[in-house]
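A quick write-up on the structure given underneath.
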Amino acid sequence: MDSETNGRLSFPTMADIETFVSQRTTCTDLHMEDKDSDHEDDPEAVGVGKLWGIKERAVCWDADGNSVTLMSVNDMKSFQVQSKKEETDGWYLVGEDFALTGGSTTRDNLKDSGVLALVCDPEEQIPSGYKQEKALVDGCTLTDFIS
């Protein structure tokens, strides 16, 4: 995905991603976390490494006390393949080289920021007037319809 041809947001460092998120919503107490502690023993769980294509992963907290996960992604195709496999439809918001997820307040605050939701469920209906771009994985769509 070439950011010059598709105009997608690009934030190559964790500091860049944190600044982007913090300008639009609350992200306090950022700390690095390779994997969610609830899933530490699961080799398929979302985490830093080749399987998910994640270079760095950090967690912060929104105003409601919900976690917000920021991920610097160096292999977006691997990230999208795993997301589809795990059936995380619309849960991840992505840019050119990063992904993030959080609660409803965070998602609402990021609706018009330029990030796109990754949707792989053929049953998921995207209303007319919203952007629908082909993702890197067959059967998935990137959309600015963030519910």
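Structural remarks
- Residue-normalised accessible area of the chain, expressed per residue, 1.4 Å probe, Å²: 52
- Three-way shape call for region 22-147 based on the alpha-carbon gyration tensor, with the a/c threshold at 1.5: oblate
- Residues of region 47-71 with an amide N closer than 20 Å to a point placed 7 Å from the Cα of Ser104 along the Cα-to-Cβ direction: 61-69.
- Set of region 102-140 residues, backbone N closer than 18 Å to the point 7 Å along the Cα-Cβ line of Asp75: 136-138
- Computed over protein heavy atoms with a 1.4 Å probe, the carbon and sulfur contribution to the accessible area of the chain reaches 43%.
The values are calculated or read from the model by the stated rules, or taken from the named source; none is laboratory data. Keep in mind the model is a prediction, meaning the values are calculated, not measured. Because the Cβ atoms are built from the backbone with ideal geometry, glycine has one as well, and the counts that use them run over all protein chains shown. To get the accessible areas, we keep the full protein, side chains included, count just its heavy atoms, and leave off ligands, DNA and RNA. Shrake-Rupley method; radii C 1.70, N 1.55, O 1.52, S 1.80 Å.
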